[in-house]
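The values are calculated or read from the model by the stated rules, or taken from the named source; none is laboratory data. These numbers come from a predicted model, not from an experiment. Here the Cβ is made from the backbone with ideal geometry for all residues, glycine too, and neighbour counts use every protein chain on show. Ligands, DNA and RNA are excluded from the accessible area calculation, which covers all protein heavy atoms including side chains. Shrake-Rupley method; radii C 1.70, N 1.55, O 1.52, S 1.80 Å.
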Amino acid sequence: MEPRETGEGSGRRTVAVAGASGLIGGALARSLEADGHRVVRLVRREPRTGDEVRWDPSSGRLDPAALDGCDAVVNLAGAGVGDRRWTDEYKRRIRESRTGGTAALAGAIVAMDTPPRVFVNGSAVGYYGDTGDRPVDEDAPPGRGFLPELTVEWEAAAEPARAAGVRTALARTGLVVSRGGGAWGRLFPLFRAGLGGRLGDGREYWSFIALRDEVAALRHLLFTPGLEGPFNLTAPLPVTNREVTAAMAKVLRRPAVFAVPAPVLRAVLGEMSQDVLGSTRAVPRRLRESGFVFSCPDVESAVRAALDD
């Protein structure tokens, strides 16, 4: 008998989380456990607790038995896009860690006698590429370049689960505002030291989301029946890099007089500078239409929340 999908308040769930050691996955796991749900963590090392299960995303395979009893699966695993310079080898690692891991989970779900009813797979607003100052929602086509092509493949790897009848939601996440990691995690120390400033000409749009809203949105996708397909997990008011700089300086009460010229960023970051200097103005149309309410809709409130998290 298939598990029945009901709303958020229907009781204790068992949720498998791949990427639970990361910034977003860890916060999601803690939130779920705080509310009495059981979290099964998929790890690449030997399990240390009864709630850990070993998997090897690089092989593209996962024993379906690892997901037995799970009501939902969340995949947030993958090599960090901003962790290092984009060499050909690292780009291959980024791609394989996302597409291979997603394919492994989707394949295991399809092979189960009683599959979970929900599969929430990580994705990114990098899907849209550089959109300039043009707002884009989930109906917009993919852009061009490494990140859009990667994201298209990443989302396609989840398709077998959807085709098998499992409700599958794709979480196209923006820049997560947190002190604990990610791109924003590198900004906080710089601004606290008075070394913060705009990147490039400052007119590029950043589609951001507070960490607490990211977790709440993932839970919304998990526990709200009928939500499937792509969802932009971004705040409703994307801002320019110049506005980000002003908000950080205001909240942290530090000057922000420095600027990193675009040629310098290109020289230091190589191809990854296209992502840093690119402008993506993604808006969360489908998330808002589904009833989700943001606690931090603007960048200043998101930065303040990051100081409290």
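Annotation note: of A108, A104, A157, A183, the sole residue that is more than 19 Å from the chain's Cα centre (by Cα), of a type in the set (A, V, I, L, M, F, W, C) and closer than 22 Å to A79 by Cβ is A108.
The C-beta contact set for region 179-197 (first residue basic (K, R), second residue open to solvent by less than 60 Å² (accessible area, probe 1.4 Å), distance under 7 angstrom, 6+ apart or interchain) comprises R179/G185; R179/F188; R179/A306; R192/L252.
Only residues that are open to solvent by 10 Å² or more (accessible area, probe 1.4 Å) and closer than 19 Å to A27 by Cβ: list them for region 201-213, please.
Of everything in region 201-213, those that are open to solvent by 10 Å² or more (accessible area, probe 1.4 Å) and closer than 19 Å to A27 by Cβ turn out to be L211, R212.
Among the strands (runs of 3 or more DSSP E) confined wholly to region 12-95, which include 1 or more residues that are within 22 Å of the chain's Cα centre (by Cα) and surrounded by fewer than 22 Cβ atoms within 10 Å (Cβ to Cβ)?
By residue number, 14-18, 38-43, 52-54.
Selection over region 209-232 of residues that are in contact (Cβ under 8 Å) with a residue 60 or more places away in the chain and either among the acidic types (D, E) or more than 17 Å from S295 (Cα to Cα) (or both) gives a count of 11.
Results for (1) more than 25 Å from S21 (Cα to Cα); (2) touching an Asp or Glu at 6+ places or on another chain (Cβ under 6 Å); (3) surrounded by fewer than 18 Cβ atoms within 10 Å (Cβ to Cβ), shown as yes or no for each residue.
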residue	(1), (2), (3)
T168	no, yes, no
W184	no, no, no
G196	yes, no, no
L199	yes, no, no
V215	no, no, no
H220	no, no, no
L227	yes, no, no
A246	yes, no, yes
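The residues of region 67-81 that are farther than 16 Å from V118 by Cα and at pLDDT 90 or above amount to a single one, A77.
On inspection, R172 passes the criterion of being modelled with pLDDT of 95 or more, crowded, with 21+ Cβ neighbours inside 10 Å and among the basic types (K, R).
Might you let me know whether region 102-124 holds any residue that is in contact (Cβ under 8 Å) with a residue 40 or more places away in the chain, aromatic (F, W, Y) and crowded, with 24+ Cβ neighbours inside 10 Å? Yes, some residue in region 102-124 is in contact (Cβ under 8 Å) with a residue 40 or more places away in the chain, aromatic (F, W, Y) and crowded, with 24+ Cβ neighbours inside 10 Å.
In the set (1) under 20 Å from the mean Cα position of the chain (by Cα); (2) within 27 Å of R192 (Cβ to Cβ); (3) surrounded by fewer than 20 Cβ atoms within 10 Å (Cβ to Cβ); (4) at pLDDT 95 or above, T234 fails one condition alone, (3).
Of all the criteria given as (1) in contact (Cβ under 8 Å) with a residue 60 or more places away in the chain; (2) in a helix (DSSP H, G or I); (3) not β-branched (V, I, T), the one not satisfied by G132 is (2). Among the residues of region 153-166, those that are open to solvent by 50 Å² or more (accessible area, probe 1.4 Å) and within 16 Å of T114 (Cα to Cα) comprise P160, R162, A163, A164, G165.
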